[in-house]
Amino acid sequence: MTEKNDFNGNVGQVVIGDSNVGPSLNNVVNLNMVGDEEKNLTWLQRNEITKKVKKLSSVSGLSALKIYRELLNKFGADKMDNFPRNKFNDACEHIETKLAEFEDENLEQDMPDDQQTTLIQEVPCKNCQANSALIKKTNFKLHVLFGLMVLMMITEAVFLMSATPAKASQEKLTTERPVEQSCHYDGKIQSIGSTVRMADGIIRQCMDAPGDAPSYWEIPQKIKH
């Protein structure tokens, strides 16, 4: 038979002294004297450390086991299940410090500037290539248009040069031989004194009329006789 006894006040004095309570065969007193400094990590704290360890492992190339061993040695625990709760913040700070160090090292080990310059020169931007092709096409079109314009100008100049003498001759003929001083037949202008066989088969001569009278066709005197 076991009887449970409730104690008030300083329990330590009861334990140190003699305890004769009732007619019990066995008295059991359970005392929990563990302080906060000996409590282990909570599940959330353990999960947070695990995430940080994985990130450090991916950046540094170190194995997760090696990182855990370093934590245990630094904070005096034999395994993570017994890792003290009051060392949680210190452990997180230690991991973040190591992570920052490895990230800085990775930045310093980036590609040198001369190699970056060579890479940029070997791989030009896509927009630059597209713009270059567009400029070439535009220049080609401009050259074609310019060539057509030159050809049209040359053709027009040749036409004007060939038409100008004929026009000048016509104007000269008109100036030298006014309409009233010439004869017309079959759409052609005949000068004074010229002869033309008409549709009736008779040859007639362009004659100059006296005064302001217009010129006229007449049968030549030789033909009359």
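The values are calculated or read from the model by the stated rules, or taken from the named source; none is laboratory data. Keep in mind that this is a model prediction, so the values were computed, not measured. As a convention, Cβ positions derive from the backbone with ideal geometry for all residues, glycine included, and neighbour counts pool all protein chains shown. Ligands, DNA and RNA are stripped out before the accessible areas are found, and what is left, the full protein with its side chains, is counted by its heavy atoms. Shrake-Rupley method; radii C 1.70, N 1.55, O 1.52, S 1.80 Å.
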| field | Tabulated pairs, segment 140-164, first assigned to a helix (DSSP H, G or I) and of a type in the set (D, E, K, R), second at pLDDT 85 or above and open to solvent by 100 Å² or more (accessible area, probe 1.4 Å), C-beta under 8 angstrom, 6+ apart or interchain | value | none
| note | The condition of being at pLDDT 75 or above and either within 30 Å of residue 72 (Cα to Cα) or surrounded by 10 or more Cβ atoms within 10 Å (Cβ to Cβ) (or both) holds, among 101, 176, only for 101
| query | If you take the residues of segment 47-58 that are surrounded by fewer than 16 Cβ atoms within 10 Å (Cβ to Cβ) and not small (Gly, Ala, Ser), which of them is farthest from residue 95 (Cα to Cα)? | reply | 47
| message | When you scan segment 123-133, do you find a residue that is under 30 Å from residue 59 (Cα atoms), modelled with pLDDT under 70 and out of contact with any Pro (no Cβ under 6 Å at 6 or more places or on another chain), even just one? | response | yes
| Which condition number does residue 42 fail, the rest of (1) modelled with pLDDT of 90 or more; (2) among the polar types (S, T, N, Q); (3) open to solvent by 90 Å² or more (accessible area, probe 1.4 Å) being met? | (3)
